[in-house]
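Undergrad: Please see the structure below; I have some questions.
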Amino acid sequence: MDDRIERLESLVALQDRTMEKLSDQIFDQQKQIEDLRRLVERLAKKVRALDEEIESSGPADVPPPHYNG
């Protein structure tokens, strides 16, 4: 009976360690996700700014000066 109890206690301790490791991994992944989200937001702002700059610079389909068409 004591062997069974010790075995169960050992399994519970192993599960506790496993859950702690998983919790740490989830925490690290959440931090990475937040960092990536901020990076994507910064990049999206830069792309929007470039789009606005391109739109405000005039039409892009102006034929070159040597075109006589």
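Each reported figure results from applying straightforward, stated rules to the coordinates on display, with no laboratory input. Computed from a prediction, not measured in an experiment: that's the story for all the values here. All Cβ positions, even for glycine, are placed from backbone atoms using ideal geometry, and neighbour counts span all protein chains on display.
Undergrad: Which angle between 0 and 90 degrees, to the nearest 10, do you get for helix 2-56 versus the longest principal axis of the chain when only C-alpha atoms count?
TA: The two axes meet at around 10 degrees.
Undergrad: Just check the chain against the gyration tensor rule for me: Cα atoms, a ≥ b ≥ c as the square roots of the eigenvalues, rounded for a/c under 1.5, and otherwise prolate or oblate depending on whether a/b exceeds b/c. Please list the in-between numbers first.
TA: Working: a/c = 13.12, a/b = 5.74, b/c = 2.29.
Taking the square roots of the gyration eigenvalues as a ≥ b ≥ c, the chain is prolate.
Undergrad: Please give the FRET efficiency for SER56 paired with GLN32, using the beta carbon to beta carbon distance and R0 = 30 Å, rounded to the nearest 0.05. Intermediate results must be reported in sequence, preceding the final value.
TA: Working: r = 36 Å, r/R0 = 1.21.
For R0 = 30 Å, the calculated efficiency reads 0.25.
Undergrad: Would you work out which of ILE5, LEU43, ILE54 lies farthest towards the positive end of the dipole of the chain, given +1 charges on the beta-carbon of Lys and Arg and -1 on that of Asp and Glu, about the Cα centre?
TA: Selected residue: ILE54.
Undergrad: OK, next. Once the piece of chain linking ARG48 and ARG7 is laid out straight, how much longer is it, given 0.36 nm per residue of separation minus the C-alpha distance between them? Spell out each step's value before the answer.
TA: Numbers: separation 41, 0.36 × 41 = 14.76 nm, distance 6.06 nm.
Here the segment from ARG48 to ARG7 would lengthen by 8.7 nm.
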